[in-house]
Amino acid sequence: LDIDGSGARLLQEWIEEGALRSRSSTLKQFTVQPRSHVAARVGEFVALSAAAQFSSGASTDVTQWTVFTPEDSAAVEIDPETALAKVLRRGRHIVVARYLDHVVPIEILVPLSDSLVELSREPRGSFVDGHVLQTLEVLRLPVSPKADDSAFLRRLTLDLTGRLPTLKMQNAYLGDADPNKRRQLVDRLLSSDEFTEYWTLRFAKLLRIRSQPGDAKAALTYHSWLRRQIDDGVGYDQFARDLLTASGDTHQVGPASFYRTVSGPREQAEFTSEFFMGTRLRCANCHNHPLDRWTQDDYHGLAAVFAKVKQGRVIEVAANGEVSHPRTGEAAVPRIPGERFLKEPDGRTGIAEWLTDSRNPFFAKAAVNRLWKAMMGRGLVEPTDDLRATNPATHPPLLSELAEDFVRHGYDLRHTLRVIALSSAYGRTSQAEPENRSDDRFYSHAFSKPLEPEVLADAIADVTGVFDQYSDHPAGTRAVSLFDPK
(Lines give C-alpha, C1' and ligand atoms only; values in the text may rest on other atoms or scores of the structure.)
Protein backbone atom coordinates (compact mmCIF):
# COMPACT_ATOMS: atom_id res chain seq x y z
CA LEU A 1 0.00 0.00 0.00
CA ASP A 2 1.83 3.05 -1.26
CA ILE A 3 0.86 6.16 0.72
CA ASP A 4 -0.31 7.92 -2.46
CA GLY A 5 -1.64 4.79 -4.17
CA SER A 6 -5.21 3.84 -5.05
CA GLY A 7 -5.34 1.20 -2.30
CA ALA A 8 -4.50 3.72 0.40
CA ARG A 9 -7.05 6.18 -1.02
CA LEU A 10 -9.77 3.54 -0.97
CA LEU A 11 -9.08 2.75 2.68
CA GLN A 12 -9.04 6.45 3.58
CA GLU A 13 -12.41 7.03 1.89
CA TRP A 14 -13.89 4.08 3.80
CA ILE A 15 -12.62 5.52 7.10
CA GLU A 16 -13.98 8.97 6.25
CA GLU A 17 -17.39 7.41 5.55
CA GLY A 18 -17.41 5.97 9.08
CA ALA A 19 -15.58 2.69 8.58
CA LEU A 20 -18.92 0.89 8.34
CA ARG A 21 -18.89 -2.88 8.81
CA SER A 22 -20.67 -4.73 6.03
CA ARG A 23 -21.07 -8.33 4.96
CA SER A 24 -18.55 -8.97 2.20
CA SER A 25 -19.23 -11.48 -0.55
CA THR A 26 -16.69 -14.24 -1.12
CA LEU A 27 -14.52 -14.70 -4.19
CA LYS A 28 -15.74 -17.60 -6.35
CA GLN A 29 -13.69 -17.28 -9.51
CA PHE A 30 -10.55 -15.45 -10.56
CA THR A 31 -9.48 -15.31 -14.21
CA VAL A 32 -6.60 -13.66 -16.01
CA GLN A 33 -5.88 -12.79 -19.62
CA PRO A 34 -3.88 -14.05 -21.35
CA ARG A 35 -3.27 -17.44 -19.72
CA SER A 36 -0.63 -18.21 -22.36
CA HIS A 37 1.03 -15.84 -24.82
CA VAL A 38 3.64 -16.36 -27.53
CA ALA A 39 5.67 -13.19 -27.94
CA ALA A 40 7.21 -12.39 -31.30
CA ARG A 41 10.42 -10.97 -29.91
CA VAL A 42 12.37 -10.00 -26.81
CA GLY A 43 11.26 -6.58 -25.59
CA GLU A 44 7.60 -7.10 -26.48
CA PHE A 45 4.99 -5.80 -24.04
CA VAL A 46 2.11 -8.04 -22.96
CA ALA A 47 -0.98 -6.44 -21.43
CA LEU A 48 -2.22 -8.42 -18.42
CA SER A 49 -5.74 -8.19 -17.04
CA ALA A 50 -7.73 -9.89 -14.29
CA ALA A 51 -11.40 -10.33 -13.43
CA ALA A 52 -13.15 -11.64 -10.32
CA GLN A 53 -16.60 -13.12 -9.77
CA PHE A 54 -18.11 -13.03 -6.30
CA SER A 55 -20.78 -15.02 -4.48
CA SER A 56 -23.12 -12.05 -4.88
CA GLY A 57 -23.01 -12.63 -8.63
CA ALA A 58 -21.03 -9.48 -9.30
CA SER A 59 -18.18 -9.68 -11.77
CA THR A 60 -15.62 -6.92 -11.92
CA ASP A 61 -12.24 -5.99 -13.39
CA VAL A 62 -9.66 -6.34 -10.60
CA THR A 63 -6.49 -5.76 -12.62
CA GLN A 64 -5.41 -2.82 -10.46
CA TRP A 65 -5.81 -4.92 -7.29
CA THR A 66 -4.01 -7.97 -8.67
CA VAL A 67 -0.33 -8.54 -7.90
CA PHE A 68 1.58 -9.90 -10.90
CA THR A 69 4.91 -11.46 -9.92
CA PRO A 70 7.37 -12.94 -12.46
CA GLU A 71 8.95 -16.24 -11.49
CA ASP A 72 12.24 -14.80 -12.74
CA SER A 73 12.50 -11.00 -12.59
CA ALA A 74 15.48 -11.15 -14.96
CA ALA A 75 13.24 -12.68 -17.64
CA VAL A 76 10.03 -10.64 -17.28
CA GLU A 77 9.53 -7.11 -15.95
CA ILE A 78 6.10 -6.01 -14.66
CA ASP A 79 4.90 -2.42 -14.44
CA PRO A 80 2.62 -2.48 -11.35
CA GLU A 81 0.74 0.65 -12.47
CA THR A 82 -0.20 -0.50 -15.97
CA ALA A 83 0.03 -4.32 -15.57
CA LEU A 84 2.24 -4.43 -18.66
CA ALA A 85 4.73 -7.29 -18.80
CA LYS A 86 7.95 -6.72 -20.73
CA VAL A 87 9.75 -9.86 -21.91
CA LEU A 88 13.50 -9.59 -21.39
CA ARG A 89 14.72 -13.01 -22.46
CA ARG A 90 13.87 -15.86 -24.80
CA GLY A 91 12.31 -19.04 -23.42
CA ARG A 92 9.29 -20.02 -21.34
CA HIS A 93 8.48 -17.76 -18.41
CA ILE A 94 5.83 -17.85 -15.69
CA VAL A 95 4.10 -14.85 -14.12
CA VAL A 96 2.00 -15.52 -11.01
CA ALA A 97 -1.19 -13.45 -10.66
CA ARG A 98 -2.52 -13.13 -7.10
CA TYR A 99 -5.83 -11.62 -6.00
CA LEU A 100 -7.09 -12.14 -2.43
CA ASP A 101 -6.56 -15.88 -1.78
CA HIS A 102 -6.48 -16.98 -5.45
CA VAL A 103 -3.34 -17.46 -7.55
CA VAL A 104 -3.15 -18.20 -11.29
CA PRO A 105 -0.07 -18.78 -13.47
CA ILE A 106 0.45 -16.98 -16.79
CA GLU A 107 2.78 -18.52 -19.39
CA ILE A 108 4.77 -16.27 -21.72
CA LEU A 109 6.80 -17.91 -24.48
CA VAL A 110 9.47 -16.31 -26.65
CA PRO A 111 10.86 -18.56 -29.43
CA LEU A 112 14.47 -19.52 -28.85
CA SER A 113 15.32 -18.91 -32.49
CA ASP A 114 14.28 -16.57 -35.31
CA SER A 115 14.12 -19.49 -37.75
CA LEU A 116 10.91 -21.49 -38.10
CA VAL A 117 11.15 -25.19 -37.27
CA GLU A 118 9.04 -27.76 -39.14
CA LEU A 119 8.54 -30.98 -37.17
CA SER A 120 5.41 -32.43 -38.79
CA ARG A 121 7.37 -35.29 -40.34
CA GLU A 122 9.09 -36.32 -37.12
CA PRO A 123 8.15 -39.88 -36.04
CA ARG A 124 5.63 -40.28 -33.25
CA GLY A 125 5.94 -43.40 -31.12
CA SER A 126 3.09 -42.57 -28.72
CA PHE A 127 0.78 -39.69 -27.81
CA VAL A 128 3.70 -38.23 -25.87
CA ASP A 129 5.34 -37.01 -29.05
CA GLY A 130 2.48 -34.84 -30.26
CA HIS A 131 2.69 -32.74 -27.10
CA VAL A 132 6.49 -32.55 -27.07
CA LEU A 133 6.80 -31.66 -30.76
CA GLN A 134 4.09 -29.00 -30.55
CA THR A 135 6.01 -27.16 -27.82
CA LEU A 136 9.30 -27.53 -29.69
CA GLU A 137 7.73 -26.00 -32.81
CA VAL A 138 6.47 -23.00 -30.83
CA LEU A 139 9.90 -22.51 -29.29
CA ARG A 140 11.55 -23.18 -32.67
CA LEU A 141 13.81 -25.88 -31.27
CA PRO A 142 15.00 -28.56 -33.72
CA VAL A 143 15.26 -32.15 -32.50
CA SER A 144 18.35 -34.28 -32.24
CA PRO A 145 18.47 -37.53 -34.21
CA LYS A 146 17.31 -40.92 -33.01
CA ALA A 147 19.79 -42.64 -30.69
CA ASP A 148 21.60 -45.59 -32.24
CA ASP A 149 20.70 -49.11 -31.17
CA SER A 150 23.66 -49.46 -28.81
CA ALA A 151 22.81 -46.27 -26.89
CA PHE A 152 19.10 -47.12 -26.78
CA LEU A 153 19.79 -50.62 -25.46
CA ARG A 154 22.07 -49.30 -22.72
CA ARG A 155 19.69 -46.49 -21.74
CA LEU A 156 16.56 -48.62 -21.63
CA THR A 157 18.19 -51.51 -19.78
CA LEU A 158 19.52 -49.14 -17.13
CA ASP A 159 16.21 -47.28 -16.79
CA LEU A 160 13.99 -50.36 -16.55
CA THR A 161 16.26 -52.87 -14.79
CA GLY A 162 19.09 -50.85 -13.24
CA ARG A 163 21.65 -52.99 -15.09
CA LEU A 164 24.07 -52.68 -17.96
CA PRO A 165 23.19 -54.94 -20.88
CA THR A 166 25.37 -58.03 -21.06
CA LEU A 167 27.61 -58.65 -24.04
CA LYS A 168 25.28 -61.47 -25.11
CA MET A 169 22.26 -59.13 -24.98
CA GLN A 170 24.10 -56.48 -26.94
CA ASN A 171 25.24 -58.81 -29.71
CA ALA A 172 21.76 -60.30 -30.07
CA TYR A 173 20.07 -56.89 -30.15
CA LEU A 174 22.50 -55.26 -32.57
CA GLY A 175 22.23 -58.27 -34.87
CA ASP A 176 18.41 -58.24 -34.87
CA ALA A 177 16.96 -56.80 -38.09
CA ASP A 178 13.33 -56.78 -36.88
CA PRO A 179 11.93 -53.22 -37.25
CA ASN A 180 9.87 -53.79 -34.05
CA LYS A 181 12.82 -54.82 -31.93
CA ARG A 182 12.65 -51.72 -29.70
CA ARG A 183 9.05 -52.48 -28.75
CA GLN A 184 9.96 -56.14 -28.14
CA LEU A 185 12.90 -55.09 -25.96
CA VAL A 186 10.67 -52.84 -23.87
CA ASP A 187 8.19 -55.68 -23.31
CA ARG A 188 10.95 -58.18 -22.40
CA LEU A 189 12.51 -55.86 -19.85
CA LEU A 190 9.17 -54.89 -18.29
CA SER A 191 8.32 -58.56 -17.71
CA SER A 192 11.73 -59.46 -16.27
CA ASP A 193 12.69 -60.26 -12.68
CA GLU A 194 15.32 -57.55 -12.97
CA PHE A 195 12.58 -54.97 -13.54
CA THR A 196 10.82 -56.09 -10.36
CA GLU A 197 14.04 -55.91 -8.38
CA TYR A 198 15.04 -52.46 -9.61
CA TRP A 199 11.63 -50.81 -9.32
CA THR A 200 11.24 -52.27 -5.85
CA LEU A 201 14.40 -50.32 -5.02
CA ARG A 202 13.04 -47.13 -6.58
CA PHE A 203 9.80 -47.26 -4.58
CA ALA A 204 11.61 -48.40 -1.43
CA LYS A 205 13.57 -45.15 -1.60
CA LEU A 206 10.43 -43.07 -2.06
CA LEU A 207 8.81 -44.90 0.88
CA ARG A 208 12.04 -44.50 2.93
CA ILE A 209 12.19 -48.18 3.86
CA ARG A 210 14.94 -48.78 6.39
CA SER A 211 15.47 -50.71 9.59
CA GLN A 212 14.18 -49.30 12.84
CA PRO A 213 16.70 -49.25 15.73
CA GLY A 214 17.08 -52.85 16.83
CA ASP A 215 14.39 -54.04 14.41
CA ALA A 216 15.38 -55.14 10.89
CA LYS A 217 12.52 -57.64 10.60
CA ALA A 218 9.85 -55.00 9.91
CA ALA A 219 11.87 -53.43 7.08
CA LEU A 220 12.46 -56.84 5.51
CA THR A 221 8.73 -57.64 5.69
CA TYR A 222 7.87 -54.23 4.21
CA HIS A 223 10.39 -54.64 1.39
CA SER A 224 9.14 -58.16 0.60
CA TRP A 225 5.55 -56.90 0.43
CA LEU A 226 6.60 -54.06 -1.87
CA ARG A 227 8.41 -56.48 -4.17
CA ARG A 228 5.26 -58.63 -4.47
CA GLN A 229 3.20 -55.59 -5.44
CA ILE A 230 5.65 -54.66 -8.20
CA ASP A 231 6.00 -58.26 -9.39
CA ASP A 232 2.23 -58.87 -9.48
CA GLY A 233 1.51 -55.58 -11.22
CA VAL A 234 -0.87 -54.43 -8.49
CA GLY A 235 -2.59 -51.20 -9.51
CA TYR A 236 -1.08 -48.10 -7.93
CA ASP A 237 -4.50 -47.17 -6.54
CA GLN A 238 -4.77 -50.47 -4.64
CA PHE A 239 -1.15 -50.08 -3.58
CA ALA A 240 -2.01 -46.69 -2.04
CA ARG A 241 -5.15 -47.96 -0.30
CA ASP A 242 -3.23 -50.85 1.26
CA LEU A 243 -0.58 -48.51 2.61
CA LEU A 244 -2.95 -45.88 3.97
CA THR A 245 -5.32 -48.29 5.73
CA ALA A 246 -2.75 -50.81 7.01
CA SER A 247 -2.72 -51.95 10.65
CA GLY A 248 -1.20 -54.84 12.54
CA ASP A 249 2.15 -56.35 13.52
CA THR A 250 4.80 -54.87 11.21
CA HIS A 251 6.74 -58.13 11.40
CA GLN A 252 3.83 -59.77 9.59
CA VAL A 253 1.97 -56.93 7.81
CA GLY A 254 4.42 -55.19 5.47
CA PRO A 255 2.45 -52.03 4.58
CA ALA A 256 1.80 -51.25 8.27
CA SER A 257 5.40 -49.97 8.40
CA PHE A 258 4.18 -46.97 6.36
CA TYR A 259 3.28 -45.58 9.79
CA ARG A 260 6.77 -46.17 11.20
CA THR A 261 8.53 -43.99 8.63
CA VAL A 262 8.19 -40.65 10.43
CA SER A 263 7.84 -39.64 14.04
CA GLY A 264 4.39 -38.07 14.49
CA PRO A 265 1.01 -37.19 12.96
CA ARG A 266 2.11 -33.87 11.46
CA GLU A 267 5.15 -35.49 9.88
CA GLN A 268 2.86 -38.29 8.64
CA ALA A 269 0.58 -35.72 7.00
CA GLU A 270 3.56 -34.13 5.27
CA PHE A 271 4.99 -37.47 4.12
CA THR A 272 1.60 -38.68 2.85
CA SER A 273 0.85 -35.50 0.91
CA GLU A 274 4.30 -35.38 -0.67
CA PHE A 275 4.36 -39.06 -1.63
CA PHE A 276 0.79 -39.54 -2.89
CA MET A 277 -0.15 -36.01 -3.99
CA GLY A 278 3.19 -34.51 -4.95
CA THR A 279 2.18 -31.58 -2.74
CA ARG A 280 4.02 -29.70 -0.02
CA LEU A 281 1.21 -29.49 2.49
CA ARG A 282 3.78 -28.66 5.19
CA CYS A 283 3.79 -25.07 3.90
CA ALA A 284 0.32 -24.69 5.51
CA ASN A 285 1.48 -25.61 9.02
CA CYS A 286 1.93 -22.13 10.49
CA HIS A 287 -0.22 -20.18 7.99
CA ASN A 288 -2.27 -20.79 4.88
CA HIS A 289 -0.07 -21.82 1.95
CA PRO A 290 1.24 -18.64 0.29
CA LEU A 291 1.29 -20.12 -3.23
CA ASP A 292 -1.40 -22.78 -3.18
CA ARG A 293 -4.95 -23.56 -2.06
CA TRP A 294 -4.02 -25.33 1.19
CA THR A 295 -5.04 -23.92 4.56
CA GLN A 296 -4.10 -24.61 8.15
CA ASP A 297 -7.38 -26.52 8.45
CA ASP A 298 -6.16 -28.83 5.67
CA TYR A 299 -2.74 -29.43 7.19
CA HIS A 300 -3.81 -29.97 10.79
CA GLY A 301 -6.98 -31.76 9.68
CA LEU A 302 -4.93 -34.38 7.83
CA ALA A 303 -2.57 -34.61 10.82
CA ALA A 304 -5.64 -35.21 13.02
CA VAL A 305 -6.52 -38.25 10.89
CA PHE A 306 -3.14 -39.78 11.73
CA ALA A 307 -3.17 -38.69 15.38
CA LYS A 308 -5.19 -41.78 16.31
CA VAL A 309 -2.63 -44.12 14.73
CA LYS A 310 -0.46 -45.57 17.48
CA GLN A 311 3.09 -46.23 16.33
CA GLY A 312 5.37 -49.04 17.37
CA ARG A 313 5.92 -52.58 16.22
CA VAL A 314 2.13 -53.01 16.16
CA ILE A 315 0.20 -50.32 14.28
CA GLU A 316 -3.32 -49.79 15.57
CA VAL A 317 -5.99 -47.10 15.58
CA ALA A 318 -6.97 -45.85 19.04
CA ALA A 319 -10.29 -44.31 20.06
CA ASN A 320 -8.55 -41.10 21.04
CA GLY A 321 -5.71 -39.02 19.68
CA GLU A 322 -5.52 -35.44 18.57
CA VAL A 323 -3.34 -32.55 17.41
CA SER A 324 -4.02 -28.96 18.36
CA HIS A 325 -4.85 -26.31 15.78
CA PRO A 326 -2.36 -23.45 16.32
CA ARG A 327 -4.88 -20.76 15.38
CA THR A 328 -7.65 -21.90 17.76
CA GLY A 329 -5.65 -23.81 20.36
CA GLU A 330 -8.32 -26.53 20.17
CA ALA A 331 -8.20 -30.03 18.75
CA ALA A 332 -8.01 -30.01 14.94
CA VAL A 333 -10.91 -31.71 13.16
CA PRO A 334 -9.94 -34.63 10.86
CA ARG A 335 -10.20 -33.43 7.26
CA ILE A 336 -9.65 -34.42 3.64
CA PRO A 337 -7.42 -31.58 2.39
CA GLY A 338 -9.33 -29.01 0.40
CA GLU A 339 -12.55 -31.03 0.56
CA ARG A 340 -14.44 -31.79 3.77
CA PHE A 341 -14.20 -32.65 7.43
CA LEU A 342 -14.42 -36.31 8.44
CA LYS A 343 -16.63 -37.94 11.05
CA GLU A 344 -15.50 -41.58 10.69
CA PRO A 345 -13.65 -43.15 13.66
CA ASP A 346 -10.78 -44.10 11.31
CA GLY A 347 -10.51 -41.30 8.75
CA ARG A 348 -7.77 -43.12 6.84
CA THR A 349 -10.38 -44.92 4.74
CA GLY A 350 -11.92 -41.61 3.69
CA ILE A 351 -8.49 -40.26 2.75
CA ALA A 352 -7.69 -43.41 0.74
CA GLU A 353 -11.02 -43.35 -1.14
CA TRP A 354 -10.65 -39.66 -1.97
CA LEU A 355 -7.05 -40.02 -3.12
CA THR A 356 -7.67 -43.01 -5.38
CA ASP A 357 -10.89 -41.69 -6.91
CA SER A 358 -10.39 -41.34 -10.67
CA ARG A 359 -11.37 -37.67 -10.41
CA ASN A 360 -8.68 -36.80 -7.88
CA PRO A 361 -6.60 -33.98 -9.39
CA PHE A 362 -3.32 -34.91 -7.68
CA PHE A 363 -2.84 -38.66 -7.24
CA ALA A 364 -2.38 -39.85 -10.83
CA LYS A 365 -0.43 -36.73 -11.89
CA ALA A 366 2.01 -37.14 -9.00
CA ALA A 367 2.58 -40.78 -9.95
CA VAL A 368 3.14 -40.30 -13.69
CA ASN A 369 5.32 -37.25 -13.06
CA ARG A 370 7.68 -39.44 -11.03
CA LEU A 371 7.67 -42.15 -13.72
CA TRP A 372 8.43 -39.50 -16.35
CA LYS A 373 11.38 -38.20 -14.34
CA ALA A 374 12.77 -41.70 -13.85
CA MET A 375 12.78 -42.25 -17.61
CA MET A 376 13.46 -38.76 -18.97
CA GLY A 377 15.75 -37.32 -16.29
CA ARG A 378 13.47 -34.43 -15.38
CA GLY A 379 9.89 -34.23 -14.15
CA LEU A 380 7.26 -32.41 -16.18
CA VAL A 381 6.88 -30.62 -12.84
CA GLU A 382 10.00 -29.93 -10.81
CA PRO A 383 10.45 -30.59 -7.97
CA THR A 384 8.26 -33.71 -8.20
CA ASP A 385 6.78 -33.09 -4.74
CA ASP A 386 5.67 -29.54 -5.55
CA LEU A 387 2.64 -29.83 -7.84
CA ARG A 388 0.64 -26.61 -7.63
CA ALA A 389 -1.03 -24.12 -9.95
CA THR A 390 1.81 -21.64 -9.57
CA ASN A 391 4.45 -24.25 -10.48
CA PRO A 392 2.95 -25.49 -13.75
CA ALA A 393 4.26 -28.37 -15.82
CA THR A 394 6.46 -27.60 -18.80
CA HIS A 395 3.83 -29.49 -20.86
CA PRO A 396 0.49 -29.26 -18.96
CA PRO A 397 -1.63 -31.11 -21.58
CA LEU A 398 0.93 -33.94 -21.67
CA LEU A 399 0.86 -34.33 -17.89
CA SER A 400 -2.94 -34.42 -17.97
CA GLU A 401 -3.09 -37.01 -20.77
CA LEU A 402 -0.46 -39.21 -19.10
CA ALA A 403 -2.50 -39.13 -15.87
CA GLU A 404 -5.79 -39.87 -17.68
CA ASP A 405 -4.17 -42.74 -19.59
CA PHE A 406 -2.71 -44.10 -16.33
CA VAL A 407 -6.16 -44.13 -14.71
CA ARG A 408 -7.81 -45.60 -17.81
CA HIS A 409 -5.34 -48.51 -17.75
CA GLY A 410 -5.90 -49.42 -14.13
CA TYR A 411 -3.06 -47.39 -12.61
CA ASP A 412 -0.62 -49.82 -14.26
CA LEU A 413 2.99 -48.66 -13.75
CA ARG A 414 4.31 -50.86 -16.55
CA HIS A 415 1.80 -49.44 -19.02
CA THR A 416 2.89 -45.83 -18.44
CA LEU A 417 6.57 -46.75 -18.51
CA ARG A 418 5.94 -48.50 -21.84
CA VAL A 419 4.21 -45.40 -23.27
CA ILE A 420 7.19 -43.24 -22.32
CA ALA A 421 9.82 -45.75 -23.47
CA LEU A 422 8.25 -46.12 -26.92
CA SER A 423 8.06 -42.38 -27.56
CA SER A 424 10.46 -40.77 -29.99
CA ALA A 425 11.26 -38.20 -27.31
CA TYR A 426 12.71 -40.96 -25.10
CA GLY A 427 14.61 -42.49 -28.03
CA ARG A 428 16.56 -39.41 -29.13
CA THR A 429 20.30 -39.15 -28.79
CA SER A 430 21.71 -37.12 -25.93
CA GLN A 431 24.05 -35.37 -28.37
CA ALA A 432 22.64 -31.85 -28.66
CA GLU A 433 22.57 -29.87 -31.88
CA PRO A 434 23.98 -26.32 -31.89
CA GLU A 435 20.42 -24.94 -32.06
CA ASN A 436 19.05 -26.97 -29.12
CA ARG A 437 22.08 -27.09 -26.87
CA SER A 438 20.48 -24.73 -24.33
CA ASP A 439 17.34 -26.87 -23.97
CA ASP A 440 17.18 -28.31 -20.46
CA ARG A 441 13.44 -29.07 -20.19
CA PHE A 442 11.67 -29.41 -23.55
CA TYR A 443 13.13 -32.78 -24.70
CA SER A 444 14.61 -31.79 -28.05
CA HIS A 445 17.36 -34.23 -27.09
CA ALA A 446 17.78 -36.82 -24.32
CA PHE A 447 19.15 -35.61 -21.00
CA SER A 448 22.05 -37.40 -19.36
CA LYS A 449 21.02 -38.95 -16.05
CA PRO A 450 23.28 -39.84 -13.12
CA LEU A 451 23.17 -43.48 -12.07
CA GLU A 452 21.60 -44.43 -8.77
CA PRO A 453 24.47 -45.32 -6.35
CA GLU A 454 23.28 -48.93 -6.15
CA VAL A 455 23.19 -49.18 -9.94
CA LEU A 456 26.67 -47.68 -10.22
CA ALA A 457 28.06 -50.12 -7.64
CA ASP A 458 26.53 -53.07 -9.51
CA ALA A 459 27.78 -51.74 -12.88
CA ILE A 460 31.34 -51.51 -11.57
CA ALA A 461 31.03 -55.04 -10.20
CA ASP A 462 29.70 -56.33 -13.54
CA VAL A 463 32.49 -54.70 -15.53
CA THR A 464 35.33 -55.69 -13.21
CA GLY A 465 33.98 -59.04 -12.04
CA VAL A 466 34.70 -57.95 -8.45
CA PHE A 467 31.57 -57.82 -6.26
CA ASP A 468 31.26 -55.90 -3.02
CA GLN A 469 30.45 -57.65 0.25
CA TYR A 470 27.37 -56.20 1.97
CA SER A 471 27.32 -57.02 5.68
CA ASP A 472 26.50 -60.71 6.12
CA HIS A 473 24.72 -61.09 2.76
CA PRO A 474 26.04 -63.85 0.47
CA ALA A 475 28.93 -63.00 -1.83
CA GLY A 476 27.67 -61.69 -5.16
CA THR A 477 24.60 -59.98 -3.67
CA ARG A 478 23.64 -57.03 -5.87
CA ALA A 479 23.30 -53.59 -4.30
CA VAL A 480 19.89 -53.03 -5.90
CA SER A 481 18.48 -56.03 -4.03
CA LEU A 482 19.35 -54.79 -0.51
CA PHE A 483 16.27 -54.04 1.60
CA ASP A 484 18.08 -51.67 3.96
CA PRO A 485 20.23 -48.80 2.63
CA LYS A 486 22.21 -48.80 5.88
| said: Give me a comma-separated list of calculated 3J(HN,Hα) values for the stretch 474-484, in order, Karplus coefficients 6.51, -1.76, 1.60 applied at θ = phi - 60°, integers in Hz, x for any Gly or Pro. | reply: x, 4, x, 4, 7, 4, 5, 8, 5, 8, 10
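Let me check something: with ligands and nucleic acids excluded, how do 343, 486, 146 order by accessible area (1.4 Å probe), largest to smallest?
Details: 343 195, 486 175, 146 145 Å².
Reading off the accessible areas and sorting them downward yields 343, 486, 146.
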| note | Rounded to the nearest Å, the spacing of the alpha-carbon centers of the stretch 203-277 and the stretch 427-463 is 31
| task | Work from the charge dipole of the chain (Cβ charges, +1 for Lys and Arg, -1 for Asp and Glu, about the Cα centre) and give the residue of 447, 245, 384 farthest towards its positive end. | result | 245
| message | I'd like the accessible area for residue 61, computed on protein heavy atoms only with a 1.4 Å probe and all protein chains in place. Round to 10 Å², please. | response | 100
| Non-local amide H neighbours of residue 324 (under 5 Å, H modeled in plane, Pro and chain starts lacking H): which ones? | 332
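Classify the stretch 76-200 as rounded, prolate or oblate from the Cα gyration tensor: take a ≥ b ≥ c as the square roots of its eigenvalues, call it rounded if a/c is under 1.5, otherwise prolate when a/b beats b/c and oblate if not.
Numbers: a/c = 3.67, a/b = 2.12, b/c = 1.73.
Here the stretch 76-200 falls in the prolate category.
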| Ignoring any ligand, DNA or RNA, what whole percent of the accessible area of the chain comes from carbon and sulfur when the probe is 1.4 angstrom? | 50
| remark: SASA check, residue 472, accessible area w/ 1.4 Å probe, all protein chains in place, rounded to nearest 10 Å², comes out at 130
| remark: Computed over the chain, protein heavy atoms only, probe 1.4 angstrom, the accessible area per residue in square angstrom equals 49
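Would you please classify the overall shape of the stretch 179-293 from the alpha carbon gyration tensor, given that a ≥ b ≥ c denote the square roots of the eigenvalues, rounded means a/c under 1.5, and beyond that prolate means a/b larger than b/c while oblate covers the rest?
Values: a/c = 2.63, a/b = 1.38, b/c = 1.91.
The shape class here is oblate.
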| field | Cβ-based charge dipole, the chain, positive-most Cα from 184, 99, 46 | value | 184
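Counting only protein chains, not ligands or nucleic acids, how are 372, 65, 354 ordered by accessible area (probe 1.4 Å), most first?
Values: 372 0, 65 95, 354 40 Å².
Correct descending sequence by accessible area is 65, 354, 372.
Treating the beta-carbon of each Lys and Arg as +1 and of each Asp and Glu as -1, no other charges, what is the dipole magnitude of the stretch 59-131 about its Cα centre, to the nearest 20 debye? Kindly include the intermediate steps, with their values, before the conclusion.
On the way: 7 positive and 12 negative charges, 43 e Å.
Charge dipole, the stretch 59-131, about its Cα centre: 200 debye, nearest 20.
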| note | With a ≥ b ≥ c from the Cα gyration tensor eigenvalues, square-rooted, and the rule rounded for a/c under 1.5, otherwise prolate when a/b > b/c and oblate otherwise, the chain is oblate
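Quick check for me: using +1 on Lys/Arg Cβ and -1 on Asp/Glu Cβ, what's the dipole size of the stretch 114-192 about its Cα centre, in debye to the nearest 20?
On the way: 12 positive and 11 negative charges, 77 e Å.
For the stretch 114-192, the charge dipole is close to 380 debye.
Show that you can apply the helix-only estimate: for the chain, add -39,500 (n - 2.57) for every DSSP H stretch of four or more residues, divide by all residues, and state [θ] at 222 nm to the nearest 500. Mind dumping the intermediate values first?
Numbers: 15 runs with 175 residues, N = 486.
When only DSSP H runs of four or more count, the value is -11000 deg cm²/dmol.
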| Ranked order, 437, 140 - accessible area, probe 1.4 Å, largest first | 437, 140
| field | Amide H contacts under 5 Å for residue 380, placed H, 5+ residues apart | value | 373
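The values are calculated or read from the model by the stated rules, or taken from the named source; none is laboratory data. All of these numbers come straight from a predicted model, not from anything done at the bench. All Cβ positions, glycine included, derive from the backbone under ideal geometry; neighbour counts span all protein chains shown. Just so you know, the surface numbers come from the protein's heavy atoms only, side chains and all, with ligands and any DNA or RNA stripped out. Shrake-Rupley method; radii C 1.70, N 1.55, O 1.52, S 1.80 Å.
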